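Single-structure report; data block below.
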Amino acid sequence: MSDSTQAALSNLMHEQRHFDPPEELARHANVSADVYDEADRDPVAFWGKQAERLTWAEPFTDVLDWSNPPFAKWYVGGKLNAAYNCVDRHVEAGNGDRVAFHWVGEPEGDTRDLTYAELKDEVCRAANALVELGVQTGDRVAIYMPMIPETVVAMLACARIGAPHTVVFGGFSSQALVDRIQDCDARVVITADGGYRRGAPASLKPAVDEAVERCPDVRSVLVVRRTGQDVAWTEGRDVWWHDAVGGQSTEHTPEAFDSEHPLYVMYTSGTTGKPKGILHTTGGYLVGTSYTHWAVFDLKPETDVFWTAADIGWVTGHSYIVYGPLANGTTSVMYEGTPDTPHKGRWWEIISQYKVNILYCAPTAIRTFMKWGKEIPEKSDLSSLRLLGSVGEPINPEAWIWYREVIGGGHCPVVDTWWQTETGQLMISPLPGVTSSKPGSAMKALPGISAVVVDDVGKPVSKGEGGYLTLTQPWPAMLRTIWGDDQRYRDTYWSRFEGVYFAGDGAKLDEEGDIWLLGRVDDVMNVSGHRLSTTEIESALVSHPKVAEAAVVGAKDEDTGQAVCAFVILRESAGDGGQDIVEELRAHVAKEIGKIARPRQIMVVPELPKTRSGKIMRRLLKDVAEEREVGDVTTLADSTVMDLISENLKDSGSDED
Ligand code: WTA
């Protein structure tokens, strides 16, 4: 952590404000303070009890098998069906008429309510269609979709027949789709012609066509008609969703799968170029997500309207739009588009229209709203809100306070929730009505979770000190491995500190022992709450014929938290690259990975700062990108390189869209 971050943090902690849990909330909250002691006394028994939230076709014999770490088995011997737990059982309990999703399309007036009974019928139809397409238990299905109800239906249909899904965020490129399809050997792709974004139809099918050309094992592409745009069609491979699913029976008997049956693979960026397929399994994941959704959001499923404003293509969408909320029988809002279409008050109109009680979103959105001004949310009636959540990146205290005051009217507790694709479930967060909160702190590990901040050698730090965040006990929704690569799973997460999970985040304990997250300590960047790997973007850049070498850093950015800044050395044959080289390279990264990875800035430089052993010193480049004085250069092989870089900066780049 840099000295300036340390100093800023110390100041903050010094001035820190406390918000005690409102008494009224404390009286009615789902959990009470003794839950921490209960879980501490016997975490395994605690998680055993939480499993009663689910309906098991066969009971488990042991809560946890941790005899072969780091490979955990939760709810050993138990059998269940995830889709049954998310849908059918609510209908059987007489709640079929409850709305599961108030879906809001981006074009105004384009809305659809889906009750649990309707969702059950759709999921059964889709499950029957997948079976007819030859999908068998254990087969992988890739899903590349906009934010529409069919995306949820597709995921649940996969879960229902035991075919693990891998949802690929619609903003990823065709190349990224190829990598993921190939890595998990998916045979079927579910997609749509497109979706609405920023007031216009955006296409998805062409990227799938391009990808599937290079994935000969994909035999079927199931296509939802969302926008009506023209699409190319490959007879025998492409099938319209309405043809394949529409005519199916609404009866489908869910099979009970082992608690450890794979539920899904979600790819995420790591420190090396290749994205990792994070594997989540059924029983533990559903217990972890449903318990935390109920406890941390103080969810009252009979009355609450809940909204996670995130994309289903990320883990936040998986755990808190789909599995957690549905397992709890929640009524959720799901919104297709961007917050500024057709105007900047869209979110607030949705909240007032559906009387949303709980909003969960990323700090980057909150900072954007702050910039747009409080007059915009003030035009809407937000009085239905009673709880606010934040996720994805450290929330700066100013944004936290603004969120609480302007959006929450000063009376809604804010829960800053720390977790990861790998953890599957919320891990560190205040509990509303129980824990007090401090702007900028995620406070403490949830009941049943043990988070410890350690120093370089793995020794727990004292209050007031900083270090690395580790998790010392297994938890139900933890990743089980990296798809197809157990060794990488061990190396990445369980080797930095012997026998404990290394999260890759820096953290600090304040004087009261509460946890403050400080961002990644590895080569992972966090741009608008999205995880990107510096090495992955570097690989994309050097795959361009004009680039000899590239180094990428995440530089501080007021709006997006961090922004991608690239330094490139061009090949001699490229000359100075010409006028448009920066735009050409930005477009190349968008093509290789996706628009989200496109560098904000590309600087063409003659050299990169390297140590004598040839390692690029990104720390120094970060200083340049953040326009700071360059730090200690004594370990550089050639200490004049930084001067050369400063003199030669050929800047670049806007950041439109
Ligand atoms: C960061 C998103 C600070 C962190 C759910 C983590 C956070 C990475 C917070 C995981 C938070 C997430 N405060 N940092 N409340 N929540 N992070 O896998 O660096 O997309 O390691 O999961 O986001 O990102 P991922």
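See the values below:
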quantity: Tally, over the stretch 383-402, of residues that are within 12 Å of the ligand (Cβ to nearest atom), not in a helix (DSSP H, G or I) and not small (Gly, Ala, Ser); calculated: 5
quantity: Residues that are open to solvent by 20 Å² or more (accessible area, probe 1.4 Å) and in a loop (DSSP other than H, G, I, E, B), drawn from the stretch 552-579; calculated: 558, 559, 560, 571, 575, 576, 578, 579
quantity: Cβ pairs under 9 Å, 6+ apart, first in the stretch 446-470 and at positive phi and part of a loop (DSSP other than H, G, I, E, B), second among the hydroxyl-bearing types (Ser, Thr, Tyr) and surrounded by 21 or more Cβ atoms within 10 Å (Cβ to Cβ); calculated: 448/291; 458/468; 458/470
quantity: Evaluation of residue 484 against (1) open to solvent by 30 Å² or more (accessible area, probe 1.4 Å); (2) touching a Leu at 6+ places or on another chain (Cβ under 8 Å); (3) under 29 Å from residue 312 (Cα atoms) (one fails), failing number; calculated: (2)
quantity: Listing of strands (runs of 3 or more DSSP E) fully contained in the stretch 108-178 that carry 3 or more residues being more than 30 Å from residue 79 (Cβ to Cβ); calculated: 111-115
quantity: Residue 217 within 22 Å of residue 165 (Cβ to Cβ) and in a helix (DSSP H, G or I); calculated: no
quantity: Within the stretch 441-481, tally of residues that are within 16 Å of the ligand (Cβ to nearest atom), among the small types (Gly, Ala, Ser) and closer than 24 Å to residue 66 by Cβ; calculated: 3
quantity: Subset of the stretch 272-330 (residues that are within 13 Å of the ligand (Cβ to nearest atom), open to solvent by 10 Å² or more (accessible area, probe 1.4 Å) and assigned to a loop (DSSP other than H, G, I, E, B)); calculated: 275, 310, 311, 314
quantity: Complete set of residues in the stretch 256-271 that are at pLDDT below 95 and surrounded by 21 or more Cβ atoms within 10 Å (Cβ to Cβ); calculated: 269, 270
quantity: Residues of the stretch 403-440 satisfying the condition of being more than 9 Å from the ligand (Cβ to nearest atom), hydroxyl-bearing (Ser, Thr, Tyr) and assigned to a loop (DSSP other than H, G, I, E, B); calculated: 435, 436
quantity: Some residue of the stretch 518-538 being within 16 Å of the ligand (Cβ to nearest atom), of a type outside the set (A, V, I, L, M, F, W, C), open to solvent by 40 Å² or more (accessible area, probe 1.4 Å) and free of Cβ contacts under 8 Å to residues at least 40 places away in the same chain; calculated: yes
quantity: Residue 559 being of a type outside the set (A, V, I, L, M) and closer than 27 Å to residue 396 by Cα; calculated: yes
quantity: Check on residue 232, in contact with a strand residue (DSSP E or B) (Cβ under 6 Å, 6 or more places away or on another chain), among the aliphatic types (A, V, I, L, M) and modelled with pLDDT of 95 or more; calculated: no
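Matching residues to (1) modelled with pLDDT under 90; (2) not in a loop (DSSP other than H, G, I, E, B):
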position	(1), (2)
550	no, yes
582	no, yes
643	yes, yes
653	yes, no
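The values are calculated or read from the model by the stated rules, or taken from the named source; none is laboratory data. The structure displayed is predicted, hence computed values, not measured ones. Please note: Cβ atoms are built from the backbone with ideal geometry, for glycine as well, and neighbour counts cover all protein chains shown. Ligands, DNA and RNA are excluded from the accessible area calculation, which covers all protein heavy atoms including side chains. Shrake-Rupley method; radii C 1.70, N 1.55, O 1.52, S 1.80 Å.
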